[in-house]
Amino acid sequence: MFLRKNVSKVVVVLMISSFLACKKDNGINSEILKIPIELRVSRFDQMLSKANSSDLPELKLAFPFLFNTKVPDSVWLNKINDPLQQELYSEVDKKFNDFSEPQRQIEDFYRHMVYYYPDFETPEIVTLVNEVDYRNKTIATDTLVLIALDNYLGADHRFYQNIAQYISANMKEDQIVCDLAQAYARQMVQQKPPRSLLDEMIYQGKQLYFKDIMIPFKPDAEKIGYSEEQLKWANDNESSIWSYFIDKELLYSTDTKLNGRFINPAPYSKFYLELDNESPGRIGVYIGWQIVRAYAKNTEADLATLMRMPADELFKKSKFKPNK
């Protein structure tokens, strides 16, 4: 059922699409690049790794949101002096002693945020170490962003040996600004809680489209967290994937098990076919992304309208047709 498409045709289409997108965005990007951004980055990870008992009161005063008042200083000092913790700090410092490139990308992201949301105020960035809690790599609030740098040391880092490969694959520096954009995307989508598979696909697709707008300097593979090979598989098989969803009448199904098969992070998507191991996980998210892109192209709706559009209405107005 899933047939390989003509590779040269796909490559040409992607190249043309990329060229047209860049050409269309050049005018806006020139305006965005002129937007001044004053970004304050506080390296709490470096400060804490070098701290002693006399430094803690000052750190607590500067970063009260990171200290639980019920935890005595002795716990923090023991943690700082723990050999494993010191090794973690050392690896983070080795990788991110120079934070200029991630900061540059974050600044570009915030320029886009200010352009599309004029009332947006740039928050303070605080980098820290969080014991490789990959479920909370980046947290964003109105005034503060926390980035746990120990989750971005590189996909093959020895600290990640016991983490599933499909997760550790995105634990790299390139994903910092992508995860930051994702944290804001979740806040910006105004849609009723998803019920059907289509609802979930479009909910997730809106978040990826938000990345299209806010981090256009990032390639599609990094936005969705695929390898280039996985993205190519999704592009090549888009029509067959769509036919499968239609033939199996999955779009309006409220079976929550479908999220595990096609939406949630996983090593591969579950069609229950021999080709499953070839597919990337979250293929429903990829298709939802293409639906939202089709809606944006066919309606030229502004970002705010798109983000609050009901899923079923967006789908109907998208006139989505998969690549063939």
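What follows draws every value from the coordinates through simple rules; no lab data is involved. None of the values given here were measured: they were computed from a predicted structure. Neighbour counts run over all protein chains shown; Cβ positions are idealised from the backbone, glycine included.
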Checklist entry - Looking at the square roots a ≥ b ≥ c of the eigenvalues of the Cα gyration tensor of region 41-187, which shape do they give, rounded for a/c under 1.5, prolate if a/b is larger than b/c, or oblate? => result oblate
Item to check | Packing-based order for 61-69, 231-239, using average beta carbon neighbours within 10 Å, highest first | outcome: 231-239, 61-69
Next on the checklist: Nearest 10 degrees is fine. How inclined is helix 83-96 to the longest principal axis of the chain, computing both from alpha carbons?
Outcome noted: 60
Checklist entry - Taking only DSSP H segments of four or more residues, each worth -39500 (n - 2.57), what value at 222 nm results for the chain once the sum is divided by all its residues, to the nearest 500 deg cm²/dmol? => result -16500 deg cm²/dmol
Item to check | Placed amide H near LEU144: partners under 5 Å, 5+ positions off or other chain | outcome: GLU124
Checklist entry - What order do you get for 192-202, 270-280 when each peptide is scored by the mean count of other beta carbon atoms within 10 Å, highest first? => result 192-202, 270-280
Item to check | Reference-scaled alpha-carbon Rg (2.2 N^0.38 Å with N residues) for the chain | outcome: 1.09
Checklist entry - Which whole-Hz ³J(HN,Hα) couplings does region 177-194 yield from phi under the Karplus relation 6.51 cos²θ - 1.76 cosθ + 1.60, θ = phi - 60°, glycine and proline marked x? => result 6, 5, 5, 5, 4, 5, 4, 6, 4, 4, 6, 8, 5, 10, 9, 4, x, x
Checklist entry - Over region 190-318, with a single point scatterer placed on each C-alpha, what log10 of the ratio I(q)/I(0) does the Debye formula yield at q = 0.11, 0.17, 0.19, 0.22 1/Å? => result -0.35, -0.87, -1.09, -1.42
Item to check | Residue-wise HN-Hα coupling along region 34-47, computed from phi with Karplus coefficients 6.51, -1.76, 1.60 (Hz; x: Gly, Pro) | outcome: 7, 6, x, 10, 10, 9, 9, 10, 9, 8, 4, 4, 6, 5
Checklist outcome for this item: For LEU66 and ILE139, extending 7 Å from Cα along the Cα-Cβ vector and measuring point to point gives, in nm, a value of 1.2
Checklist entry - How far apart, in nm, are the 7 Å Cα→Cβ label points at ASN78 and LYS270? => result 4.2
Checklist entry - How about LYS34: which aspartates and glutamates have a C-alpha closer than 12 Å to its C-alpha, ignoring those fewer than 8 places off in the same chain? => result GLU107, ASP108
Item to check | Long-range HN-HN contacts of GLY281 with modeled amide H, under 5 Å | outcome: ALA266, TYR268, SER269
Checklist entry - What FRET efficiency do you get for GLN161 and ASN277 if R0 is 30 Å and r is their Cβ-Cβ distance, rounded to the nearest 0.05? => result 0.85
Next on the checklist: Quick one: 3J(HN,Hα) in Hz for region 229-240, Karplus 6.51/-1.76/1.60 with θ = phi - 60°, rounded, Gly and Pro as x.
Outcome noted: 5, 5, 5, 4, 4, 4, 4, 5, 10, 4, 5, 5
Next on the checklist: How big is the dipole moment of the chain about its Cα centre under a simple scheme where the beta carbon of each Lys and Arg is +1, that of each Asp and Glu is -1, and everything else is neutral? Debye, nearest 20, please.
Outcome noted: 1160
Item to check | Point-charge dipole on Cβ atoms (K/R +1, D/E -1) for region 41-187, about Cα centre, debye to 20 | outcome: 260
Checklist entry - Cα-Cα over 18 Å: which of LYS257/LYS316; LYS50/LYS94; LYS206/LYS257; LYS206/LYS297; LYS172/LYS223; LYS192/LYS270? => result LYS257/LYS316; LYS206/LYS257; LYS192/LYS270
Checklist entry - Helix 283-299 versus the longest principal axis of the chain: what angle, 0 to 90°, nearest 10, using Cα atoms? => result 70
